[in-house]
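Shown next, in structure tokens, is the structure this report addresses.
The values are calculated or read from the model by the stated rules, or taken from the named source; none is laboratory data. Every value quoted in this text rests on a predicted model; they were computed, and no experiment measured them. Here the Cβ positions follow ideal geometry from the backbone for every residue, glycine too, while neighbour counts run over all protein chains shown. Keep in mind that these areas ignore ligands, DNA and RNA; they rest on the heavy atoms of the full protein, side chains included. Shrake-Rupley method; radii C 1.70, N 1.55, O 1.52, S 1.80 Å.
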Amino acid sequence: MSHSQAHTSEVHTEMSEIGYRRLKQFVAETGLEERDALSFLFEAFDVVTHHEALRHRLGLYKAVTNTAGSRDPQ
């Protein structure tokens, strides 16, 4: 049984177009299914991220998404 089959709850969320394209690229490079690729990345999060770079990129991402969200007419 794969990790994705062992989980009973599913995560449903929207992903940015850039994030989705990067996920598809990672899936193609690794041969994993999308769910397994995401599980791997989060299970190995501390190993596959550089803490300082992550904090910097997260700040940039938040600035862009907050700016975009503030212009959203909804």
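Within region 33-50, residues that are assigned to a helix (DSSP H, G or I) reach partners that are open to solvent by less than 90 Å² (accessible area, probe 1.4 Å) with beta carbons closer than 6 Å, at six or more positions or on different chains, in the pairs E34/V27; R35/S4; D36/S4; A37/F26; A37/V27.
Here is a yes/no grid of residues against (1) among the basic types (K, R); (2) open to solvent by 100 Å² or more (accessible area, probe 1.4 Å); (3) modelled with pLDDT under 95:
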position	(1), (2), (3)
T8	no, yes, yes
G19	no, no, yes
E43	no, yes, no
L60	no, no, yes
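If you filter region 27-41 down to residues that are open to solvent by 60 Å² or more (accessible area, probe 1.4 Å) and either in contact with a Phe, Trp or Tyr (Cβ under 6 Å, 6 or more places away or on another chain) or among the small types (G, A, S) (or both), you find that the one that is nearest to S16 (Cα to Cα) is A28.
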